[in-house]
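No value in this document is a laboratory result; all are computed from the given coordinates. If you're wondering where the values come from, they're calculated on a predicted model, not measured in any experiment. Methodologically, a virtual Cβ is constructed for each residue, glycine included, from the backbone with ideal geometry; neighbour enumeration extends over all protein chains shown.
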Amino acid sequence: MSTSDSNGVAKRPFPFVGADLPFDTPRANAVYVTRELVSTYLITHPHLDHLSGLVINTASFTQTKCPKRIASLPTTIEAIKTHIFNDVIWPNLSDEGCGVGLVTYQRLPVAASEYVEVSKGLSVQAWPISHGHCMNTHSHRGSISAGAERSPGGTVKRMCVYDSAVFFIRDEATKQEAMMWGDVEPDSLSLSPRNHPAWDQAAIKFHQGLLSTIFIECSYDCCQPDRALYGHLNPPHLLEELKVLAGRVVALRAQEERDRRNHRKRKRVSQGYMGDLDLTSKRSMNINHFEGFLQGEGNQYQWSQENSTIGEANSNGGGIWNSDANINRRVSKGSRQSGTNTPDPSKIMEFDQDYLLPQLSPKSLGNRNNGVDTVSMAVGQRTPEEITPLLKQHLPSSAAISAEILGHEPLKGLHLVITHVKDTLQDDVDVAANILRSLERLEKEQMLGCTFSLSEQGGTFYF
């Protein structure tokens, strides 16, 4: 129930209830928050449902200490500049094009590994994603799909794909991050699928313990057919996207375990003396041993090129990585004259299959540091530039990822906040609740381990 102050101004429930704010009424505190506490607006794409609140509230920017910052990808900034703050739809309040300077634009790097500061203590990494396409084939702002058609006059027209963005927002004090998606369509339906690079980054951050919360849209319930999603997600498609993320996380964990196992193996064989034939034999069997030793005096073993009809030469010892069978083999070329632990010359050693991520195997990364193998670091210590291209090229699609491959609860500890629910405005239909129930049911079937909640006005997120 609302109350009133001495001036008769109604006191209503306020989203920032409990916060240390200077005024009594929601409207006075709302103006204070807008003017004094909010410095930057991150805009994922320039559709009106994501812009209208900002544009209308620019009337309160007149008494601020410095211009408000609009941070986004360059295509979104260009659309806002051209179609909103243009002295036609709305006054040009920006500091570009002879504007009045209440707003300034910050163009974020596209799909760059570095973070850019957007406000005190917060930095952002931005990745482009797709949000459906125009109904007509024509040329205007946005990404171009692969499909094209030629008009009778010979001009090539392409379907135009709407650009959106996903932001990784990092707290510089703790290095913890939140992932915030704009409107997005599933890669399986997109004319320009671009979600996978963002999932690659999310997998690395989640694996490193830096990411635990994802804000992502799920606009429709399961009743919405694919043809009527209009660049959005429903529960089945969101779960398919999460399976892609889970596959990448599982691959990183598997590679880290292989690195750890290989490191222990190298540590064991490095102890002792070269005169010990047992240790010498073990050294020659080490799949990551550098080329200088394999070609050293007295060595009677070399990498086999037999039974490897499809493979790649590995500079790390001249071996063969069999891309077809995913098995690395070495065979003896003769028995030693002495010693009791010499392997059987006919024995072919087979090592673990790198099913999920073969090209992240140390066997495939080649010779480094003048022949010394340095790829035994944990995956978390490798740079995203090393990991991301390999993830993209060698992991199966979400349709091929089964619960058996992913294992039990690969995304345990990850929480997803569902945004952008489109209400049907019908009696006795709670779309948000239906979406949440569907997501929980589908997650239970897939055993991903993540949890879900619905975004609410006045909700709080702590890094």
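Calculation over all alpha carbon pairs of segment 23-107 in 10 angstrom steps from 0 returns a P(r) of 17, 53, 25, 5, 0 percent. Spacing of the modelled spin labels on residue 20 and residue 433, each 7 Å from Cα toward Cβ, amounts to 3.9 nm. Among the GluC sites (Glu not before Pro) in segment 35-138, those placed in a DSSP loop whose Cβ has at most 15 other Cβ atoms within 10 Å are 96, 114. Multiplying the residue separation of residue 33 and residue 444 by 0.36 nm and subtracting their alpha-carbon distance yields 143.9 nm. Shape analysis of segment 200-265 places it in the prolate category; the axes a ≥ b ≥ c from the Cα gyration tensor give an a/c of at least 1.5, with a/b above b/c. Sequence-distant contacts, meaning Cα pairs under 8 Å at least 6 residues apart, place the relative contact order of segment 23-107 at 27 percent.
Of interest is the spacing of the C-alpha centroids, which for segment 45-109 and segment 410-430 amounts to 30 Å.
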